[in-house]
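What follows is a set of notes on a single structure, which appears directly below.
Values in this text are rule-based calculations from the coordinates and carry no lab data. Remember, predicted model here, so these are calculated numbers, not experimental data. Every residue, glycine among them, receives a Cβ derived from its backbone with ideal geometry; neighbour counts consider all protein chains shown.
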Amino acid sequence: MRAGRWMSLGLATGAGLLGAAGLAGIYFGLVSWAESAEHAWQQFQQDWLYVVPILVGFGFQVALYATLRWRLFLPHAAPGAGGALTGASGGTSAAAMVACCAHHLTDVLPVLGLTAATAFLAEYRQLFMLVGLATTVAGSLYMLRVLRKERSFMTARSAEAAQAVPA
């Protein structure tokens, strides 16, 4: 693998790790703020089968988004590699995060005096986490599809440009 590809892989991986760490920080911060750090850890231990895949999936999605946004998928020798790239995957990422963290509203709503909403969200907490995970998977699949299309388009464009250059 060329040095440029290692750098691209490092950038995408770093972005993914930061995204997962940020989401974990929101998770632990919100639960700790509403209850206590001990409760946050107990909640994580109880829900780790949902939380860990959501964190990993979100990190993967952030890495894909970084790859698309920073155009890390391009061959480094591709002529004419500039241009606009769709940012629709950013909306998918945001939707996944909202769906993922919606069940934590149950921790904050009592502070705001919304106990009826708290009871409803607490009842369906696992469903919200499953929806968050499903949204993350769907967003990742979408971004993989966009990435594959962009990569094949730019590879074809690069090949056309190479043929057009006189020898």
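Most exposed first by the Cβ proxy, i.e. fewest other Cβ within 10 Å, how do TYR65, TYR27, TYR124 rank?
TYR124, TYR27, TYR65
How would MET143, MET154 line up from fewest to most surrounding beta-carbon atoms within 10 angstrom?
Fewest to most other Cβ atoms nearby, the residues stand as MET154, MET143.
Order by neighbour count: SER32, SER140, fewest other Cβ atoms within 10 Å first, most last.
SER32, SER140
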